[in-house]
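Asker: I'd like to ask you about the structure that follows.
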Amino acid sequence: MPHSFVSALVLLVLILDPLGNIATFASALKSRPAGKRWPVILREHAVAYVVLLGFMLGGEGFLAAIGLSNASLQLAGGVILFLIALRMIFPQPAGPEIEIPEPFIVPLAVPMIAGPSAMATVMLLASQQPARLIEWVGALTVAMAISTAILLSAARLQHLLGERFVTAMERLMGLILVAVAIEMMVRGARIAIATP
């Protein structure tokens, strides 16, 4: 089933997982004063947006250059999404905290925001329906704006909604993402079987 603007937007927001990134951003930026966190959040989202836009615009040429078919990208994207979704539903116990004096590109922009699943998804959108590239760029732009807004208001959200609600919402998003991942794998398998 081809994606619409709305389904692409929902998929991208789920994959960017801004609710799941709240704890990571809070941990990485805890050493910075509250008033100096928003420029870092804006900068990391801008970098992630440029990375994902590059994958979206150059995706088809990149696939052709390395000889990947649409079916293999569908299957690989589905597997990656499935693994990400499982981690959202069943989070791993927190490891030791890593002190990051000034996060820049790694690990916040890449891979926390622009991770492998997001890269595979934007490439897939562009390669499946290249004629609708403007729509996909629009969906990516809106999804990134939503992620930025959520992370800019993370402290307020955690206080208003509570930690348990944020966790419950992330797990619900993970469950939806599992279904999307299965659909991608089924679609990829159908294309692989139909292609001689």
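The values are calculated or read from the model by the stated rules, or taken from the named source; none is laboratory data. Nothing here was measured: the structure is a model prediction, and the numbers come from that model. No Cβ is skipped: glycine too gets one built from the backbone with ideal geometry, and neighbour counts run over all protein chains shown.
Asker: Would you please name the residue that is nearest to I134 (Cα to Cα), looking only at residues in segment 16-71 that are among the hydroxyl-bearing types (S, T, Y) and assigned to a helix (DSSP H, G or I)?
Answerer: In this case the residue turns out to be Y49.
Asker: Additional query: Considering only segment 115-134, I want to know if a residue exists there that is outside any helix (DSSP H, G or I), in contact with a helix residue (DSSP H, G or I) (Cβ under 7 Å, 6 or more places away or on another chain), in contact (Cβ under 8 Å) with a residue 12 or more places away in the chain and exposed (fewer than 15 other Cβ atoms within 10 Å of the Cβ).
Answerer: no
Asker: Can you say whether S31 is small (G, A, S) and within 27 Å of L172 (Cα to Cα), as far as the supplied structure shows?
Answerer: Taking the combined requirement at face value, the residue does not satisfy it.
Asker: Another question, if that's okay. Could you grab the pairs with beta carbons closer than 9 Å, sequence gap of 6+ or different chains, first residue in segment 44-65 and more than 20 Å from S127 (Cβ to Cβ), second one at pLDDT 95 or above and not hydrophobic (A, V, I, L, M, F, W, C)?
Answerer: H45/S147; H45/T148; A46/T148; A48/S147
Asker: Moving on to the next point. When the residues of segment 16-42 are filtered to those that are among the small types (G, A, S) and more than 16 Å from A149 (Cα to Cα), which remaining residue is surrounded by the fewest Cβ atoms within 10 Å (Cβ to Cβ)?
Answerer: S31
Asker: Checking A109 against (1) more than 19 Å from N21 (Cβ to Cβ); (2) at pLDDT 80 or above, which test does it fail?
Answerer: For A109, the exception is condition (1).
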